[in-house]
Amino acid sequence: MTLAESPSPVDAIDEIATLIEALHVSERRLEELTGGEVDTVADRTGRTFLLRRAQEQVRLSEAGKQAAILNALPAHIALLDPRGVILSVNQAWRRFGDTNALQSPDCAISMNYLEVCDLASGDYPAEARQVANGIRSVLRGDVKNFSLEYPCHSATEQRWFLMAVTPLPGNPPTGAVVMHVNVTAERQTEESLRVSESRFRQMAEHIQDVFFLCEADGSRMLYVSQAYEEIWLRRCESLYANPQSWSDAIHPDDRPAAQEKAMSGGKFKQEFRIVRPDGSIRWIESKGYPVHDDAGRIVRIAGIAKDITAHKLAQDRIAYLNRVYVMLSGINGLLVHVRSRDELYNDACRIAVEGGGFRMAWIASVDRKRMKIELVASVGLDATAMTALKARLSLSGGTPLGRSRAARAIAEKKAIVTNHLIGNPDVSLGHFYEERNIHSMIMLPLIVANEGVGTLALYAREDEFFREEELKLLTELAGDISFALEHIGKEEKIARLSRITAFTSEINSLIVRIRGRQELFDEVCRVAIEHGRFGTAWIGIFDSVTLAVTSATWTDGPTKRLVMTLDNEQTDVANGSGVVARALRTGRPVVENDLASDPLVKSVRRAEAVGAGLRSLIALPFVIEGLVVGHLSLYSTELDFFDGSEVRLLTELAANISFALDHIGKEEKIARLSRIRAFMSNINTLIVRADNRNELFEEACRVAVEHGKFGIAWIGALDHETLIVTPIAWAGDEAEALSKVKSSAREDLPAGKGAVGRAIHARHVVFNNGLHAGGYQGPRLTKALQLGYRSQITLPLFNGEAIFGTLSLYARESGFFNEDEIKLLVELAGDLSFALDRFDKKEKLDYLAYYDVLTGLSNRSLFLERVTQYMQSAVSGGHPLALFLIDLERFRNINDSLGRPAGDAMLKLVAAWLVRNAGDAKLVARLGADHFAAVMPVVQQEGDVARLLEKTVTAFLGHPFRLEDSVYRLALKIGVALFPDDGADADTLLRNAEAALKRAKARGERYLFYTQKMTDTLAGKLSLENQLRQALDNEEFVLHYQPKVNLASGKLVGAEALIRWNDPRTGLVPPGRFIPILEETGLIYEVGRWALRKAIADYLHWHAAGLPAPRIAVNMSPLQLRNRGFIDDIKQVIDIDTQAAAGLELEITESLIMEDVKHSITSLQSIRDMGICIAIDDFGTGFSSLSYLSKLPVDVLKIDRSFVVDMMTGPEGLALVSTIINLAHSLKIKVVAEGVETEEQSRLLRLLSCDEFQGFLFSKPVPRETFEARFLASTPAG
Amino acid sequence: MFRFRLYVADETYNSMQALANLTALCREHMANRHEIEILDVLLEPKRALADGIFMTPTLVKLAPHPVRRIVGTLSQTQLVLQALGIEASNV
């Protein structure tokens, strides 16, 4: 603007006012137009006008922003004018005015800051004035800025502030900005750094490690700290002089590794030992760091070497203790499961070496009885060490335990420690330990029940290994092992006792069960090994009279030689000092708990036992009623096995066995005597019965084996010239083979010294109750021994005064023949001799007492005796027995009419028949004139009896007895009694059979059982059968005839004969009810034969009567066809008349033919050859037959009634019948339809060209008379 | 791709409003498909003149064609979208 151009001020003011007004209006208008949403507008030239509102906003926002920034700053800021007056301050300034000495609370806007500072009188007036001067110089423009750091400590903390003064633009400046910043944190960091640095320096100065710096190749030592002298005990100078001399001190073991590492050129860290001039050893840890030049080459090695000996030692202590802990825990683990001493010993040593890291470990145990210390386990000992140790330990034995460390540990019951074994004048075997790198050792006592029982020795590589801590732990360990030992001891004791208990209880159960002496002995020995786990068991029988001991049984010992010894070695009971001898002599158990120890006893048996590893022995005598009868000797593989409780248990056991032996003896005696009695009674019977010598001897041997239960019996005959005894009768085991062996009685030969020879010479019984004990052994005895025989007796047999030969008997049991027995047997031999004498004198023995003279059958008494015997075996066999009393009917008539001699002859015939039928003469007897008896010793089923009776009665009836050229048929009546139901003894049984017979006679029955019920039951079973038999006898069977009619002519062309049973009690019985029974019982043959005869007879009768007799078809049973005699039967029947064949037709069922086509064809062919027609009955029921039809020799085919019925119901049925008819016709076979009942059927059959039919349509089957009258009479033949 | 240029005057209230609204609108309706150039007329008056901008805030849609301009704070989103020729449904 220029004044010249300006209007008057008033105008101008008005104009200005107007313009402003216009400006306001236009701006308002613009705002309205843009809805206030526009900030700027531009004119045409592009000048932008910020709208007033926006201007205001911008301004406000600028100032606001600046204020906000200032306020946000943590520094305290104030704006000063050139005079120093405070124009504005930020919030920090205001807030912290009170905390800053230079900024008192009144230090606010409009105050002069310079004056405030000048007047400051607080803690830091100097700084305040310095500040004021600084600000002034800035305001004056002297300096561009000014800053000052000053402390400003409050009561609670030390603080530092940094003040900065910056001028505002202008020259001189238009003011200045003053800022205070709290720099306390920075100052504190600095301070701590300073402190730590000072400490570090201090530390470095006092450190005891060796610092060193050397050339990379080690050729020159550049620096080494003073500590080297203290650690190495060498002068630093020496190291400078010889830079490698530091390594000279290194322990030779560690040196190579240490040197190599130090020279490796890289960073290293290693540990090694040095040996100092005074001999002491220190552990050094050395670290090296390579120093590189600019080119990266290693030029120096800087390093530190530190003495870590103390640390190392502490580590070792811990390692030692750890090893001991490992061992302790290993052994504790072991104690939990270990069950045996040896296992404990061995494992403890193993753990000590493996887990505890000991060089060697061993355990020695004290044998107090023998004053010995014995090595029982060891690990880590070489052979030399072992030998040396054993020698040392044996030195401790026998003397009071006190010399060796082991002995001392045991005796004093405390651990003996030797911590420096090498170079120790107290240690005698220094070199021994040195060689084995052993430096310390300990002997730990093992204490059970407050008594030292052993020692555990441990050897360590380390010097001074066993210190207080280790000792404590190891003592604890030894205590644990001791505890385990005690425990095992108890357990072993229990185990041993339980073994013995198992043994004894097993034996006790055996005692209850076993009945034989030998079995008992064998079982006792077996159980001793199995349950008692004894090494060997041996039982001997003792004869208190002869003082002989015979081995009864023994188990397989550990060695064969021992077994042989047990078997053969004689025991000198009278004077022997052996265990068995003493036990037998005293009758008390004798124990030897260390078989190897007693040098006084020199016995082969004991030597063998010891050699076989047996250690303890007990001999238990068997005592019966004060007499020693034997012994049980048990060998154990364990030393000291038989202790108080064991001995007590075993003594009890021996008493139990003795009791059992006594019992068995008594039982045996009874059994044996009853056996001998049975034997004798049989021999006596035999003597009465036997016809000749051979029979007598053979039977005698058989009876000896069967009833006397001797295993072998033989009788030999002596040849008086050769003195050879040849077996002439024998029975039993291998008797046949033994019978080939001859014996000699020649005294001059060894063979003559056998039992046979001796018996003959002595003329006296010779017996041997211990065949296995030795003596002359011929082939027979050898064989007998092999077979297990142990006793034998030889009895001389006499013929008058002369020796005839010998009877020898063998028994399996040893000691079989005792006084009573021998007496009986001698008696028996006497009886045999008597019989022999009789035979020799050709005197027939009077055996009337036993036999029926007429028939030779047994008489009543012999029969009853036999029945008694059979009853015994029936009892033991658990089966019934049947006794039959047989009455010969009408015998009196024969006797009366033919005379007595004829009667007697007849009786003999009957007796023979009965014997033949019974199969054995012994089963039949003649009890009275016409009374016989028979016994059925074994009745398997009651039905058997009835069947036998039926069979016998029928067979007897059918048998023609020929007497003086005449044939007689006799009948029987039988009374039956069954054992045990009808009587407990033979007499009663016979009496009841008599009663039954009487009743049978009275009732007219063929036979009756004593018990009515039995009769009824069996009769019920057999009634139909019987009735059918009777029906046959009584001619109750009849034939009915059914006519066959020609379909075309309607004329009668034939008839089928059908069997009917006209039971007088019930009337006509249908064939289905009795035909099967006829077949089952075989009566069908008889009935079939009858029917055949009857049919032929009727036919011939009609023929003879001039009637037009039709061909009669007779049905054949399958059984008949199969019967070989069938063809003959037919032949017989048709042979009666030449006409017969023409009148006969046989009907055979199709299924029957098919069963055996080949045989059928042959049979049928031969029947047909006789001129008899053959018809196939029930044709169609076996379908396969059509193809065979052409091959079968048949004339007629009968269509089964079922086809006739089916024919009417459907086309298939019709087609089938049609086919059958056509097929039959093509084969020239006539077809007959059966069962035709309706006209319709007959019509249809006629249409199908069927030839004939039969059935109700024409007539049902009718009796002969009816048939004759109705169908024959009206149409005379012609 | 939408290209916008917003003419503002410093940080005046309406300009900042317009920028804020534009940014929001773009984020919602054409995320990642837009570029916004901001031009301060106070700093570059000649450019504004050349572009024929007489008021701030003014938004120019440069692409896609046709070019449109809108003056104001852009607070009426639907109207702005219509004015820009962007149908909400199309977007």
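General observations
- Database remark: amide H of A:G578 closer than 5 angstrom to no amide H (H placed geometrically; neighbours at sequence offset of 5 or more, or on other chains; Pro and chain starts carry no H).
- When Rg and the Kirkwood radius Rh are both evaluated on Cα atoms of segment A:313-367, their ratio Rg/Rh stands at 1.06.
- In plain terms, the residue of B:M16, A:M386, A:M327 with the fewest other Cβ atoms within 10 Å comes first and the most crowded comes last, giving A:M386, B:M16, A:M327.
- Sequence-distant contacts, meaning Cα pairs under 8 Å at least 6 residues apart, place the relative contact order of chain B at 38 percent.
- Sum of side-chain charges, A:I438 neighbourhood, beta-carbon under 11 Å (Lys, Arg +1; Asp, Glu -1): -1
- Here is the size of segment A:1201-1277 from its Cα atoms: Rg then Dmax, 14.3, 42 Å.
- A:R255/A:V299 FRET efficiency (R0 30 Å; Cβ-Cβ; nearest 0.05): 0.70
- Contour excess over end-to-end distance, with Cα ends at A:R59 and A:L1257 and 0.36 nm allotted per residue: 416.4 nm
- Per-residue ellipticity at 222 nm from helix content only, as computed over chain B with -39500 (n - 2.57) for each DSSP H run of at least four residues, stands at -10000 deg cm²/dmol.
- Amide proton proximity set for A:G1054, modelled H, under 5 Å, gap of 5+: A:K1044
- Modelled spin labels at A:A126 and A:S674, positioned 7 Å past Cα toward Cβ, are 14.4 nm from each other.
- Rg ratio (alpha-carbon, reference 2.2 N^0.38 Å) - chain A: 2.09
- Label-to-label distance, nm, for residues given as A:A955 and A:D43 (7 Å Cα→Cβ offset): 17.0 nm
- Length-normalised contact order of segment A:786-920 in % [C-alpha pairs under 8 Å, at least 6 apart]: 15 percent
- Using alpha-carbon coordinates, inclination of helix B:13-29 to the longest axis of chain B, degrees: 20 degrees
- Whole-number D in µm² s⁻¹ for segment A:947-1003, Kirkwood Cα-pair radius fed into Stokes-Einstein, 25 °C, 0.890 mPa s: 189 µm²/s
- For segment A:240-337, the Kirkwood hydrodynamic radius comes to 16.3 Å, computed from all pairs of different C-alpha atoms.
- Here the 3J(HN,Hα) profile of segment A:212-225, calculated from phi with Karplus coefficients 6.51, -1.76 and 1.60 at θ = phi - 60°, is 9, 9, 9, 5, 4, 8, x, 6, 9, 8, 8, 8, 9, 7 Hz, Gly and Pro shown as x.
- Ranked A:V448, A:V89, criterion: other C-beta atoms within 10 Å, fewest first: A:V448, A:V89
- From phi via Karplus (6.51, -1.76, 1.60), per-residue ³J(HN,Hα) for segment A:1058-1063 in Hz, x at Gly/Pro: 10, 7, 10, 10, 9, 5
- Rounded to the nearest 500, the helix-only mean residue ellipticity at 222 nm of chain A stands at -15000 deg cm²/dmol, with each DSSP H run of n ≥ 4 adding -39,500 (n - 2.57).
- Solvent-free Debye calculation, one equal scatterer per alpha-carbon of chain B: log10 I(q)/I(0) at 0.17, 0.21 Å⁻¹ equals -0.65, -0.99.
- Relative contact order for chain A, counting Cα pairs under 8 Å that sit 6 or more residues apart, in percent: 3 percent
- A:W1061, A:W1090 arranged by Cβ crowding within 10 Å, fewest neighbours leading: A:W1090, A:W1061
- 5 angstrom amide H check on A:F161, placed H, neighbours 5+ away: A:Y150, A:C152, A:V183
- Förster radius 60 Å - calculated FRET efficiency between B:R27 and A:L148, Cβ distance, rounded to 0.05: 0.70
- With a Förster radius of 51 Å applied to the C-beta separation of A:V326 and A:D217, the computed FRET efficiency comes to 0.65.
- Near A:R255, once Lys and Arg are set to +1 and Asp and Glu to -1 for all other residues with Cβ below 12 Å from its Cβ, the sum equals -2.
- Using θ = phi - 60° in the Karplus curve 6.51 cos²θ - 1.76 cosθ + 1.60, the 3J(HN,Hα) couplings for segment A:724-741 round to 9, 9, 10, x, 10, 8, 7, 7, x, 4, 6, 4, 4, 5, 5, 5, 7, 8 Hz; x is entered for Gly and Pro.
Every number here is computed from the coordinates shown, using simple stated rules; none is lab data. Keep in mind that this is a model prediction, so the values were computed, not measured. Using ideal geometry, Cβ is built from the backbone for each residue, glycine included, and neighbour counts are taken over all protein chains shown.
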